[in-house]
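Colleague: Quick one: the structure is below, and I'll ask about it shortly.
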Amino acid sequence: MKTTLMLFAMLLIFSFTKAQDDYKKVMLENIQALDTAADTQSLNKLVSVFTAVYDVKKDWHPLYYECLGYIKLSRAYQNTEQKKAAIQKAADLLDGLPVTNDEVLVLRALYALNYLAIDRSEWQTYLPMLNNSLKKAQDINPDNPRSYYLQGLLKYNMPASMRGGHEEGIKLFQQSMEKFESYQTTDDLAPRWGKKEVEKYLSK
């Protein structure tokens, strides 16, 4: 009886480990694809994959990348109504993500930034959301490089009269790059985006 129970337990452990490995493999492949995807067809396919993965594995990672996919779609679409529909789907997904996670707060700031790119008339709502999300993210994890990248983007595109400008943005991009160079995490599925974009700004 004891032998049978031990074999059953070992089978369960093996099945769980294999499922975890399969989950990680699927996630890593599609995270990498999302990093380079730019056209709407590719992005829609990837969003569907993350949706399907989340239906099976109720983890924050697939939900995060599904949301990131919709944010990227809001930039990729040319039609304003499609942009708004995509950014609204991202907003709906954000509500299901943990607000105590610094990466989620940075994603929330990215959402706000992209919403403003679609409709600047809503700046009184989304500019405070952007700034507050980044502040909270840095309070939780001052070493998150993506928070400084987004701050740099904001400053870079603001006029000098509003304490912005290219020079102020570059300072934050440099800070972001320093954080990227020393960034470490034990989470294989953690976000990695932003470094290539920072490098482009610093090379101008």
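Colleague: Which ones in segment 158-201 are surrounded by fewer than 12 Cβ atoms within 10 Å (Cβ to Cβ), touching a residue at least 12 places away in the same chain (Cβ under 8 Å) and among the acidic types (D, E)?
Modeller: D188
Colleague: Quick one: how many residues across segment 63-80 are buried (at least 23 other Cβ atoms within 10 Å of the Cβ), farther than 14 Å from Q41 by Cα and out of contact with any Phe, Trp or Tyr (no Cβ under 8 Å at 6 or more places or on another chain)?
Modeller: 1
Colleague: Within the bounds of segment 51-69, is there any residue that is within 25 Å of E197 (Cα to Cα), among the hydroxyl-bearing types (S, T, Y) and assigned to a loop (DSSP other than H, G, I, E, B)?
Modeller: Within segment 51-69, none of the residues are within 25 Å of E197 (Cα to Cα), among the hydroxyl-bearing types (S, T, Y) and assigned to a loop (DSSP other than H, G, I, E, B).
Colleague: Here is a further query. So which of Q88, Q78 is modelled with pLDDT of 95 or more, part of a loop (DSSP other than H, G, I, E, B) and in the same structural domain as K24 (by TED's automatic domain parsing)? I'd like the intermediate steps shown before the answer.
Modeller: Details: Q88 fails: part of a loop (DSSP other than H, G, I, E, B).
Matching residue, one of Q88, Q78: Q78.
Colleague: Against the condition at pLDDT 95 or above and over 16 Å from the mean Cα position of the chain (by Cα), how does N144 come out, does it pass?
Modeller: Values: at pLDDT 95 or above: yes; over 16 Å from the mean Cα position of the chain (by Cα): no.
Criteria not met by N144.
The values are calculated or read from the model by the stated rules, or taken from the named source; none is laboratory data. Fair warning: this is a prediction, and the values are worked out from it, not measured in the lab. Note that we place each Cβ from the backbone using ideal geometry, even for glycine, and neighbour counts take in every protein chain shown.
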